[in-house]
1. Under 7 Å between Cβ atoms, at least 6 apart or on separate chains: pull out the pairs that start in region 253-264 with a residue that is in contact (Cβ under 8 Å) with a residue 12 or more places away in the chain and end on any residue that is assigned to a loop (DSSP other than H, G, I, E, B).
2. Can you go through I24, I67, I28 and tell me which one is farther than 30 Å from R253 by Cβ, modelled with pLDDT under 90 and either assigned to a loop (DSSP other than H, G, I, E, B) or open to solvent by 100 Å² or more (accessible area, probe 1.4 Å) (or both)?
3. Which residues, taken from region 121-157, are open to solvent by 20 Å² or more (accessible area, probe 1.4 Å), over 18 Å from L245 (Cα atoms) and not in a strand (DSSP E or B)?
4. Here's a check for you: in region 181-234, which residue that is within 27 Å of L135 (Cα to Cα), open to solvent by 30 Å² or more (accessible area, probe 1.4 Å) and acidic (D, E) is nearest to the chain's Cα centre (by Cα)?
5. How many residues does region 100-119 contain that are more than 30 Å from P250 (Cβ to Cβ), among the hydroxyl-bearing types (S, T, Y) and assigned to a helix (DSSP H, G or I)?
6. The conditions are (1) in contact (Cβ under 8 Å) with a residue 24 or more places away in the chain; (2) open to solvent by 20 Å² or more (accessible area, probe 1.4 Å); (3) under 30 Å from E257 (Cβ atoms), and R165 fails exactly one of them. Which is it?
7. Going by the structure shown, is A114 surrounded by fewer than 18 Cβ atoms within 10 Å (Cβ to Cβ), out of contact with any His (no Cβ under 7 Å at 6 or more places or on another chain) and either in contact (Cβ under 8 Å) with a residue 40 or more places away in the chain or of a type outside the set (K, R) (or both)?
8. Assuming L160 fulfils every condition listed in (1) out of contact with any Asp or Glu (no Cβ under 9 Å at 6 or more places or on another chain); (2) aliphatic (A, V, I, L, M); (3) touching a residue at least 24 places away in the same chain (Cβ under 8 Å) apart from one, which condition is it?
Amino acid sequence: MLYSAASPVMRLIPKPDAIMDRDIKPYILKRTTDQDIVPKLSLDYARALNAQQYAAVTAGDGPALVIAGAGSGKTRTLVHRVAYLIDSGVDPSHILLLTFTRKSSEEMLERVGALIGSRSQRVCGGTFHSVANMLLRRYGRVLGVEPTFTIMDRGDAEDLIALLRAQMGLNEKDKRFPRKGTIAEIYSKCENTLRGLEEIVLEAFSHFADHLDDLGKLQRAYHAAKRQRQLLDYDDLLVLLRDLLSKDEPTQRAISERFRYSGG
């Protein structure tokens with residue numbers, strides 16, 4: 001018997017030219033390649049899905065953009081896509097499933113589990129904000145964000161704006177200055193549209209155009225206070241994650257290697 005101890009997956013095949021006892025067939029060990037191993041799927045995906053859904057679920061590696069309208073089975077497709085990847089041998093911990101709400105994330109992971117069982121438990125799933133929170137706590141130091149940062153909800157953000165507004169004496173203006181909720185809305189719109197303060201105010205809050213200078217000073221004070229106190233609002237979570245993925249190549253590479261498949 002000839003063999004190689006370095007071969008992890010092997011099979012026996014006859015060696016006709018070997019001279020051995022006539023009653024014993026000679027064999028050698030030959031390496032089995034990955035192409036020889038075809039995973040057996042636990043579901044009939046073609047039968048469970050329509051043609052368009054099946055094409056999206058079984059798409060190969062690399063980015064894929066799927067545009068679908070209401071009632072077209074988007075959630076069903078995503079659920080089966082995750083199941084198909086795991087069924088095909090992908091490590092569940094390399095899959096990232098993103099949704100807009102926590103309830104939706106939990107429901108989708110439950111549905112994946114119902115399809116293929118406990119193998120789905122290692123899939124990383126969550127909202128865009130929760131995943132950003134997780135990644136920033138692990139990799140955020142390159143942006144000056146410590147793992148111990150505190151997340152402010154909308155009420156906390158408005159209260160900080162109100163405190164700074166009072167400290168800057170903007171409550172004592174002759175003309176009525178915007179309320180804290182309105183100011184928070186203006187700043188949030190700037191972050192989410194990647195547009196400047198002046199453009200947002202003149203377009204959507206033109207009745208506060210006379211306060212542009214003071215709104216700019218307050219905005220800078222708000223950002224400085226958040227940095228000093230290691231506070232992040234909901235917009236910061238997404239903006240900083242974008243910066244993390246676009247400005248730091250080692251971090252980008254580490255996250256890409258961890259999550260080889262992501263979607264939402």
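1. Y261/V90
2. The unique qualifying residue is I24.
3. Hits for region 121-157 are Q121, R122, T148, D153, R154, G155, D156.
4. Residue satisfying both the conditions and the ranking: E191.
5. Looking only at that region, the number is 2.
6. (3)
7. Spelling it out, A114 is indeed surrounded by fewer than 18 Cβ atoms within 10 Å (Cβ to Cβ), out of contact with any His (no Cβ under 7 Å at 6 or more places or on another chain) and either in contact (Cβ under 8 Å) with a residue 40 or more places away in the chain or of a type outside the set (K, R) (or both).
8. Single failed check for L160: (1).
The values are calculated or read from the model by the stated rules, or taken from the named source; none is laboratory data. All values reported here derive from a predicted model rather than from experimental measurement. Using ideal geometry, Cβ is built from the backbone for each residue, glycine included, and neighbour counts are taken over all protein chains shown. In case anyone asks, the SASA skips ligands and DNA or RNA and just uses the protein heavy atoms, side chains included. Shrake-Rupley method; radii C 1.70, N 1.55, O 1.52, S 1.80 Å.
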